[in-house]
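J.: One structure is given below, represented as structure tokens, and several questions about it will come after.
The values are calculated or read from the model by the stated rules, or taken from the named source; none is laboratory data. Here the structure is a predicted model, which is why all the values come from computation and not from measurement. Quick reminder, even Gly has a Cβ in these numbers, built from the backbone with ideal geometry, and neighbours come from all protein chains shown. Remember, those area values only see protein heavy atoms, side chains included, never the ligands or the DNA or RNA. Shrake-Rupley method; radii C 1.70, N 1.55, O 1.52, S 1.80 Å.
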Amino acid sequence: MKTFYLIDGHAQMFRAYYAPFRELTAPDGRPVKAVYVFTQLILSLLAKRPDYLAIAFDVGDDSTFRKAEYDEYKANRDESPEDLAEQYLLVRLILEKLNVAVFEQRGYEADDLIATIAKRLPDDVELRIVSKDKDLHQVLTERVGLYDPKDDATLFGPDLLPAKGYAPEQAVEIQTLVGDPTDNVPGVNGIGVKTAAKLIQQYGSADAVLAAADEQTPKRRENLLAAREIVPITRRLVTLLNDVPMAFDLEACRRPTPDRERVKPIFDDLGFRTFVEQLPGANDGASNGASDGASDGTAGGPAAAGAEEALRSGGSGPQRSMFARDDAPSQGAAGSGTDRAGNGASAGASGEAPAPASHRDHADYRTVLTASDLDDLVADLTGTSAFAVDTETTGLRPMDADLLGVAIATRAEAAWYVPVRSDEREVLDPDRVLAALAPFLGDPQVVKVGQNLKYDLQVLWNAGARVDGPIFDTLIAAALLRPDRRGNGLDALARDLLGLDLVPTSDLIGKGKKQISMLEVPLDRLAPYAAEDADVTWRLFELLRDELDRAPDDLRTLVEELEFPLVRVLARMEARGIHLDAAMLHASAENLSARIETLRGELQEAAGRPFNPDSPAQLSEVLFDDLGMRVVKRTKTGRSTDAGVLETLASESDHPLPGLVLRYRELTKLLGTYVAPLPSYVSEVDGRLHASFHQVGAATGRLSSSDPNLQNIPVRTEDGRRIRTAFVAEKGMKLISAD
């Protein structure tokens, strides 16, 4: 099948405009965040090398036949922001320069054009509509799907739609009953998507549901009869036209090969410095074009994430830091990717297929398997002032993880992977490898570079290595240089800052129940994956080090004198861990379980009938229908039974049920969140609990912790304070609390 990406233009413009990033401006002060994010979307789609690419735009709400049909159509919408209109014009100019096909037709909306194009396509073309619009559910077929760039590889096709309770051919019937509040299209009061789906399954059409109004509950019958006049209008408003009289030539939508010289002036004018090098298929001699040679249909990453590349100004000139080098400037590359934690055997990345291999095709990745190979690595490290290091392990907890190998990079587009454990072939002895690396790991002058280096430090310590000297953590540096970023995993940084699309971890180890250990991954697949991690970490180091050189003095001081040294302190804290009295927690768990069972009986007795206290719906029926208590507040899902509501009801009534439910919830939370899970975090190696401490992430700058969250152990109740007594100090030691 040939692939065709068709973008719902205005929907993606609004999405780009409201993307959760700080505002970006061009060198002349014009707002360009939406332009940047939208352009990154186009470049990421081009990098997939589809056969066809096009965009459909709305012309204007007032000109559509729907507005003529129903004057209140979209009347609830606010005027578009003024700066969005300005950015739309810039986007149209960029599309023209990129030679991307654009469709628009007065009197019709982009969805109608998309439906028409979908109908006209030949059978050998798979259409991927870049939109989340539910209106487009009605055009889904086996070769027409919805594509959300945020989720990247997720295609929402007709095989997935039944999960919502209906098939594509029923979408119009569903919307006819429900209406569309977003577009101010009226529906039948009291009927949502789930109810509509059940009714359509039973009766077949919206008209048939109306005809069967007498078979419904009195209230629903009343609402159906009241909507009889508006339903035919709603049907016409929600039905997409697939016969728009528009000129459409599939060949005109062929994936363009942009002329860099034609596009470069506008990118330079807007301050989009990296975009020229991301253009696919042009100037093949460019050193860091990422999409040349990319395979069709691969994961390209969410476009909006690229907006974190701030349009940096030069300031008063660069200043050197302790991490500055005297040799070549930093190198970069282009492409896109998905999130990974960047800490050894991490999992959770997603991708439709292995990432485009362009930057790997040109990289020099070597696997160290012999003594001679190890000598070559030592020679490469000799005389270097810095190197990137990354460990591959059997697990995510450094105390319990076994070292599988070490990846090292001293320059961009090159890296080494030294396996020290493998089930499929003989590899070098770990003691021999670490002895060879010891002079470099322990050198007090050489900078050790890592992504989430805290993890690698602990793994290396546990393996017997000593790591001294200055460190540079790319995760920390990125978070401090770009405080508005949401994620600083290796894949996200590679995509957003370097334009590189990395191999997802899940491509190696899978997901869910079928997930395997890194030890089970064949060496010929693990080695380049590990080398890529070290290579990309080095490239990030070069980029972020140069940015720190240009940063204000107070930021450089913060990074070099506080945050980077703190990495080693936190690593030692995590490695040391804390003793947990597991026997005491086990006894507490039994005690809480017994008290919870007693409470469940008291709840049934107070309610006067059996019910599940863990079900808000069943609790709501008991409180408000059976006992007639006041509905304090409502939510989108119905009558609220949250803690505030229960406290109000307990104060207003002498009935014991609200107070019993509050007590029941308190005990079940203590058991399920703290008492039962805590022992599972204890290491099998030393019997201690090793939480992770995070120095970035909290907006206040404070530390946070996870696995488990030691800073959230309850203290306000007697039962909560009892849990805290499970954390104990060894003989002759004391626990202290510091803020």
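J.: Quick one: is residue 685 in contact with an Asp or Glu (Cβ under 7 Å, 6 or more places away or on another chain), open to solvent by 40 Å² or more (accessible area, probe 1.4 Å) and among the hydrophobic types (A, V, I, L, M, F, W, C)?
T.: Yes, satisfied.
J.: With the condition kept exactly as written, say whether any residue in the range 94-108 is among the aliphatic types (A, V, I, L, M), touching a helix residue (DSSP H, G or I) at 6+ places or on another chain (Cβ under 9 Å), under 30 Å from residue 234 (Cα atoms) and buried (at least 20 other Cβ atoms within 10 Å of the Cβ).
T.: Looking through the range 94-108, none of the residues is among the aliphatic types (A, V, I, L, M), touching a helix residue (DSSP H, G or I) at 6+ places or on another chain (Cβ under 9 Å), under 30 Å from residue 234 (Cα atoms) and buried (at least 20 other Cβ atoms within 10 Å of the Cβ).
J.: While we're here: Restricting to the range 652-665, name every residue that is outside any loop (DSSP other than H, G, I, E, B), modelled with pLDDT of 90 or more and not aromatic (Phe, Trp, Tyr).
T.: Once the filter is applied, which keeps residues that are outside any loop (DSSP other than H, G, I, E, B), modelled with pLDDT of 90 or more and not aromatic (Phe, Trp, Tyr), the range 652-665 yields 657, 658, 659, 660, 661, 662, 663, 665.
J.: All but one of (1) part of a helix (DSSP H, G or I); (2) free of Cβ contacts under 8 Å to residues at least 60 places away in the same chain; (3) closer than 17 Å to residue 101 by Cα hold for residue 262; which doesn't?
T.: Every condition holds for residue 262 apart from (2).
J.: Continuing with this model, one more query. Only one of (1) on the phi < 0 side of the Ramachandran plot; (2) open to solvent by 20 Å² or more (accessible area, probe 1.4 Å) fails for residue 512. Which number is that?
T.: (1)
J.: Okay, next question. Can you tell me which residue in the range 515-535 is surrounded by the most Cβ atoms within 10 Å (Cβ to Cβ), limited to those that are touching a Gly at 6+ places or on another chain (Cβ under 9 Å) and farther than 11 Å from residue 417 by Cα?
T.: Here the residue is 518.
J.: So residue 54 fits all but one of (1) small (Gly, Ala, Ser); (2) farther than 12 Å from residue 13 by Cα; (3) open to solvent by 60 Å² or more (accessible area, probe 1.4 Å); (4) not in a helix (DSSP H, G or I); what number is the exception?
T.: (3)
J.: Among residues belonging to the range 136-176 that are of a type in the set (A, V, I, L, M), modelled with pLDDT under 85 and closer than 23 Å to residue 204 by Cβ, point out the one that is least open to solvent (accessible area, probe 1.4 Å).
T.: Out of the qualifying residues, it is 161.
J.: On the basis of being over 23 Å from the mean Cα position of the chain (by Cα) and either surrounded by fewer than 16 Cβ atoms within 10 Å (Cβ to Cβ) or not polar (S, T, N, Q) (or both), does residue 8 make the cut?
T.: No; evaluated as a whole, the condition is false for this residue.
J.: Restricting the first residue to the range 648-673 and requiring it to be closer than 18 Å to residue 618 by Cα, which pairs with a second residue that is open to solvent by 50 Å² or more (accessible area, probe 1.4 Å) meet a Cβ separation below 6 Å and a spacing of at least six or different chains?
T.: 660/602
J.: Something else about it: Which residue is most open to solvent (accessible area, probe 1.4 Å), if the candidates are limited to the range 61-93 and must be under 27 Å from residue 235 (Cβ atoms), of a type outside the set (D, E, K, R) and part of a helix (DSSP H, G or I)?
T.: 68
J.: Taking only the range 1-26 into account, find how many residues are modelled with pLDDT of 85 or more and part of a loop (DSSP other than H, G, I, E, B).
T.: Count: 2.
J.: Just to verify a result, which residue in the range 570-598, among those that are among the hydrophobic types (A, V, I, L, M, F, W, C) and without any contact (Cβ under 8 Å) to a residue 24 or more places away in the chain, is most open to solvent (accessible area, probe 1.4 Å)? I'd like the intermediate steps shown before the answer.
T.: Looking only at the range 570-598, we keep the residues that are among the hydrophobic types (A, V, I, L, M, F, W, C), and these are 570-571, 573, 575, 578, 580, 582-585, 587, 589, 592, 594, 596.
This time we only want the ones that are without any contact (Cβ under 8 Å) to a residue 24 or more places away in the chain, so: 583, 587, 594.
Details: 583: 74, 587: 56, 594: 57 Å².
Top of the filtered list is 583.
J.: Considering only the range 675-702, state which residues are part of a helix (DSSP H, G or I), closer than 30 Å to residue 476 by Cβ and in contact (Cβ under 8 Å) with a residue 12 or more places away in the chain.
T.: 678, 681, listed by residue number.
J.: Same structure, new question: Considering each of 479, 465, 436 in turn, give the residue that is within 30 Å of residue 277 (Cβ to Cβ) and of a type in the set (Gly, Ala, Ser).
T.: 479
J.: Can you say whether residue 248 is among the aromatic types (Phe, Trp, Tyr), open to solvent by less than 30 Å² (accessible area, probe 1.4 Å) and either modelled with pLDDT of 50 or more or not in a loop (DSSP other than H, G, I, E, B) (or both), as far as the supplied structure shows?
T.: When the stated conditions are applied, residue 248 does not pass them.
J.: Next up: Determine the pairs where a residue that is under 23 Å from residue 410 (Cα atoms), located within the range 463-492, has a partner that is aromatic (Phe, Trp, Tyr) and open to solvent by 20 Å² or more (accessible area, probe 1.4 Å) with Cβ atoms under 7 Å apart, the partner being 6 or more residues away or on another chain.
T.: No pair meets every condition.
J.: Something else: Show me the helices (runs of 4 or more DSSP H) entirely contained within the range 538-621 in which 1 or more residues are out of contact with any helix residue (DSSP H, G or I) (no Cβ under 7 Å at 6 or more places or on another chain) and among the small types (Gly, Ala, Ser).
T.: By residue number, 582-607, 616-620.
J.: Could you please tell me which pairs satisfy a Cβ distance under 6 Å, a separation of 6+ or placement on different chains, a first residue in the range 84-104 that is farther than 12 Å from residue 9 by Cα, and a second residue that is hydroxyl-bearing (Ser, Thr, Tyr)?
T.: Every condition considered, the pairs that remain are 84/17; 94/39.
J.: Moving to a separate point now. Considering only residues that are open to solvent by 40 Å² or more (accessible area, probe 1.4 Å) and at pLDDT below 80, look in the range 693-704 and name the one that is nearest to residue 677 (Cα to Cα).
T.: 697
J.: Let me ask something else about it. Can you tell me which of 242, 223, 288 is open to solvent by 20 Å² or more (accessible area, probe 1.4 Å), of a type outside the set (Lys, Arg), modelled with pLDDT of 90 or more and in contact with a Gly (Cβ under 8 Å, 6 or more places away or on another chain)?
T.: None of the other options fit; the residue is 223.
J.: Please enumerate the residues belonging to the range 180-222 that are free of Cβ contacts under 8 Å to residues at least 12 places away in the same chain and farther than 19 Å from residue 235 by Cβ.
T.: Hits for the range 180-222 are 214, 215, 216, 217, 218, 221, 222.
J.: Right, another one. Mind checking which pairs have a first residue in the range 513-531 that is more than 16 Å from residue 395 (Cβ to Cβ) and a second that is open to solvent by 30 Å² or more (accessible area, probe 1.4 Å) and in a helix (DSSP H, G or I), Cβ under 8 Å, 6 or more apart or different chains?
T.: Here the result reads 528/360, each pair linking the range 513-531 to a residue that is open to solvent by 30 Å² or more (accessible area, probe 1.4 Å) and in a helix (DSSP H, G or I).
J.: List every residue pair whose Cβ atoms sit under 7 Å apart, with the two residues 6 or more apart in sequence or on different chains, where the first one lies in the range 599-622 and is touching a residue at least 12 places away in the same chain (Cβ under 8 Å) and the second, anywhere, is among the basic types (Lys, Arg).
T.: From residues that are touching a residue at least 12 places away in the same chain (Cβ under 8 Å), the pairs are 599/663; 613/600; 620/639.
J.: All but one of (1) β-branched (Val, Ile, Thr); (2) in contact with a strand residue (DSSP E or B) (Cβ under 8 Å, 6 or more places away or on another chain); (3) at pLDDT below 90 hold for residue 59; which doesn't?
T.: (2)
J.: Can you find even one residue in the range 197-207 that is surrounded by 15 or more Cβ atoms within 10 Å (Cβ to Cβ) and among the basic types (Lys, Arg)?
T.: Within the range 197-207, not a single residue is surrounded by 15 or more Cβ atoms within 10 Å (Cβ to Cβ) and among the basic types (Lys, Arg).
J.: Residue by residue through the range 705-739, note down the ones that are among the hydrophobic types (A, V, I, L, M, F, W, C), open to solvent by 80 Å² or more (accessible area, probe 1.4 Å) and under 18 Å from residue 575 (Cα atoms). Walk me through how you get there before you give the answer.
T.: Here is the first cut: in the range 705-739, the ones among the hydrophobic types (A, V, I, L, M, F, W, C) are 710, 713, 715, 723, 726-729, 733, 735-736, 738.
Then keep just the ones that are open to solvent by 80 Å² or more (accessible area, probe 1.4 Å); that gives 733, 735-736, 738.
Matches in the range 705-739: 733, 735, 736.
J.: Taking the stated definitions as given, is residue 176 in contact (Cβ under 8 Å) with a residue 60 or more places away in the chain and in contact with a Ser or Thr (Cβ under 6 Å, 6 or more places away or on another chain)?
T.: For residue 176, the condition - in contact (Cβ under 8 Å) with a residue 60 or more places away in the chain and in contact with a Ser or Thr (Cβ under 6 Å, 6 or more places away or on another chain) - is met.
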